[in-house]
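Take a look at the structure below.
The values are calculated or read from the model by the stated rules, or taken from the named source; none is laboratory data. Since the structure is predicted, the reported quantities are computational estimates derived from the model, not experimental observations. All Cβ positions, even for glycine, are placed from backbone atoms using ideal geometry, and neighbour counts span all protein chains on display.
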Amino acid sequence: MAARAIGNATIEKVEEICGAGFKPARMFPKFDQEAFDAQKSWMVPDHVEPGSDRLVGSVHTWVVKTGKHTILIDTCLGNHKDRHNPGWNKLDTPFLERLQACGCHPDSVDFVMCTHLHVDHVGWNTKLENGKWVPTFPNAKYVMSRTDHDYWAAVAKRPGSVPFEVNTYNDSVLPIVEAKKAEFVSGEHAMCGCFTIKPAPGHTPGQIRLDLESRGKRAIFPGDALHNPVQVPLWKWNSCFCEDRDLARKTRNTLLGDCAEQGALLMPAHFAPPHAAYVKAKGDRFELDWDWDNARGR
Ligand SMILES: [Zn+2]
């Protein structure tokens, strides 16, 4: 696959898994059948499975090369990890081989950006080596939100927390902190000459988004400010995984407005092919303009 270009930066998607998952009524607390059906003509079959109506999604990492730096945005689920979801438990995928196939050796990664610390965004932060979880990218700084870190660290310590959330922090975040490879951020930050880290809270307390600008071209990596493209026209719909629902809605609206106003390519973590789209604003409504160029992925 040819990499997408945003100015001088190149961006490739490395997929871990892709397929049909949740039913929309499970995913969206404010699910409304009539509103969903009104969107289905453009959703089926790429984003909604025909017949079952299950949402089709991907778990992938974005690899950004700026010429100076190699940056990974989110690191999927990881291999060999104890997880609650049978489809995510003790995975054994060739993710690292796929990463290397796009010219990205783990040693070459300079930054790992964790948009938030959910299970499907931090998995490849670490790998199992001689029975221990060690950083997969030994030369990288792992950038994460201070707020998100402290929140999930507290969850991991709290008696009665959900086991997979405890495991996620302990096997995929704590080893990074202990190896002194974590870099905590709060507020807005410039990075690598072309990125701006911005708070995008709601889905998790400290979620961050990454705005890329190079030679006048822009892309925005929103983490899970949205999971599925139906949340563009129906932007008031949160996912069931959003922690603070009012804040998540506000963040999504700001994000979509920024994409539309700046002509930025929206590059979420879970959209099925073609994985990225431009956003058009029509009054207080938003529409997608899919970026089918370079849509085939590894
Ligand atoms: Zn996610």
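In this structure, does Ala179 turn out to be modelled with pLDDT of 95 or more, aliphatic (A, V, I, L, M) and more than 26 Å from Lys68 (Cα to Cα)? It is false that Ala179 is modelled with pLDDT of 95 or more, aliphatic (A, V, I, L, M) and more than 26 Å from Lys68 (Cα to Cα). Of the candidates Gly206, Gly202, the single residue that is over 19 Å from Ile71 (Cα atoms), touching a Lys or Arg at 6+ places or on another chain (Cβ under 8 Å), crowded, with 17+ Cβ neighbours inside 10 Å and in contact (Cβ under 8 Å) with a residue 60 or more places away in the chain is Gly206. Entry remark, the range 208-225: residues being among the acidic types (Asp, Glu) and within 12 Å of the ligand (Cβ to nearest atom) number 1 in total.
The set of residues from the range 226-251 being more than 16 Å from the ligand (Cβ to nearest atom) and aliphatic (A, V, I, L, M) comprises Val232, Leu234, Leu247.
Taken together, Thr61, Thr115 contain a single residue that is in contact with a Phe, Trp or Tyr (Cβ under 8 Å, 6 or more places away or on another chain), among the hydroxyl-bearing types (Ser, Thr, Tyr), modelled with pLDDT of 95 or more and in a loop (DSSP other than H, G, I, E, B), which is Thr115. Would you be able to say whether some residue in the range 29-42 is at pLDDT 95 or above, within 29 Å of Ala154 (Cα to Cα) and not basic (Lys, Arg)? Yes, the range 29-42 has at least one match. Screening Asn89, Asn79 for residues that are out of contact with any Ser or Thr (no Cβ under 8 Å at 6 or more places or on another chain) and away from the ligand (no atom under 15 Å from the Cβ) leaves exactly one candidate, Asn89. Counting only residues that are part of a loop (DSSP other than H, G, I, E, B) and surrounded by 14 or more Cβ atoms within 10 Å (Cβ to Cβ), the range 83-112 holds 8 of them.
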